[in-house]
1. For Cα pairs less than 8 Å apart in space and 6+ apart in sequence, what is the mean separation divided by the residue count of region 242-364, i.e. the relative contact order in percent?
2. If packing is taken as the average count of other Cβ atoms within 10 Å, what order do 316-326, 339-349 fall into, highest mean first?
3. Hey, how much of the P(r) for region 181-324 falls beyond 19 Å, as a percent of Cα pairs?
4. Classify region 244-361 as rounded, prolate or oblate from the Cα gyration tensor: take a ≥ b ≥ c as the square roots of its eigenvalues, call it rounded if a/c is under 1.5, otherwise prolate when a/b beats b/c and oblate if not.
5. What's the Cα-based Rg to Rh of the chain, Rh via Kirkwood?
6. Which lysines have a Cα lying under 27 Å from the Cα of LYS208, excluding residues fewer than 8 positions away in the same chain?
7. Work out, step by step, the length gained on full extension between ASP308 and ALA12: first 0.36 nm times the residue separation, then minus their alpha carbon distance; give nm to one decimal.
8. MET373 versus TYR397, label points 7 Å from Cα toward the beta carbon: distance in nm?
Amino acid sequence: MYPSFYQGNTPAALVEAYGSPLYVYSENILREKCRVMKNFCPYPHFNVNYAIKANSNLSLLNIVREEGLRADVSSPGEAMAALAAGFAPSDVFMIVNNAAPGDFTFAAEKNLPVSVDSLSQLATYGRLNPGRDICIRFNTGIGAGHHKKVVTGGDDTKFGILPGDIPEVKGLLKEYSLSLTGINHHIGSQYAQELYLVGAKALIKIAKQFEDLNFLDFGGGFYIPYHKNDGEQPYDLQPVGEGLAKLMHNFSAEYGKDVTCMIEPGRYIAAECGVLLGTVHAVKQIGLNRYAGCDIGFSVFARPTLYDAHHDIEVFGADVNAPHQLVNIVGNQCETGDYIAKNRPLPPLTEGNIIAVQDTGAYGYSMSSQYNMRLRPAEILISADGSVKQIRRRETYKDVLAGMQKMY
């Protein structure tokens, strides 16, 4: 936990003012992470594309844009958010997967650079938009991640065109008069960062088989420490960035032109700037298991249920000096899989205590839902000066029912 996260504001006061559960973001931490990524690679032609799927709140996107980052989007909705936040169309890179024809038409109308990841999609794009620029996502055969569901390279994934299909790629480019301007790949998320350079070398090997590329996009997936309470330290990314710069210098010299190097981190930029506050409403013992039930169901925060993800928890209002107890922190959804933490040693919890789930700025609100017709929470931003701004209101039951009509 960053010591100055709340900047004089208390979790209890924030919950009192904006309700529970509540997503809280720190402007200072968000800007810090943007700057770390901007300085990640000492190569003169280097861009950072923030992956909007991690967190798409317009206020946060505006900060990211102010810090000089570009946008990486995966859908028309995310593209609209980027444009609404002030990103220029040329700075919005749309990397799609199994896109509908309408998505390609949308991208063409908005003049967005697009990357496709199958021969089928390349042909569809070409039929709809002959003569335009296109980018391609390759599967370099290298994949890794903290959970099998976030591995995006290798044999057991749906993503990317295989290097063996390059002859077919070239045939489709010629058939539809498409200009290949860049290629990209993505290994996965939260893996040993030494693999990043292994993947980069594999993508460069593919790049050498094409002429006149403008950029290579090496993806993101950079590691953040989710176990800070256990002393886990941040990964030293400096050797990775320096290694990538060396690869790009050598490649550009051999290629005969200055090729831009791009990365697309989402989690690394957004995760640590966010905390999710919730309130304990019930405590009980069932056999050997102790449960603290709170208002953070998986409709509010899905990562533990989806990925068995660990998030540190801070407790407010409990006796932190009392002997810790093993407790399961569970939510309010009607599902056994609805939990935040299992057998976590925490101070004795009781009704009314506030818990803070750490590092929830990435894939928190963006993965929330209205399951069980629960209301999605508000989002607030603690500004650089310590003032608090509501950047998304809490949903109402009118919102939940909106768009539905009774049929007789």
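1. Details: 232 pairs, mean separation 41.6, N = 123.
This gives 34 percent for region 242-364.
2. Working: 316-326: 12.3, 339-349: 18.1.
Output ranking for 316-326, 339-349: 339-349, 316-326.
3. Details: 6638 of 10296 pairs.
The share of Cα pairs beyond 19 Å in region 181-324 comes to 64 percent.
4. On the way: a/c = 3.53, a/b = 2.92, b/c = 1.21.
Prolate, since a/c reaches 1.5 and a/b exceeds b/c.
5. Numbers: Rg = 22.6 Å, Rh = 22.6 Å.
Reported Rg/Rh (Cα atoms, Kirkwood Rh): 1.00.
6. LYS38, LYS158, LYS170, LYS174, LYS246, LYS257
7. Details: separation 296, 0.36 × 296 = 106.56 nm, distance 2.81 nm.
That works out to 103.8 nm of additional length.
8. Computed distance between label sites MET373 and TYR397 equals 0.8 nm.
Throughout, read-outs are computed from the coordinates displayed, never taken from laboratory work. All values reported here derive from a predicted model rather than from experimental measurement. Counting neighbours? That spans all protein chains shown, and the Cβs are built from the backbone with ideal geometry, glycine included.
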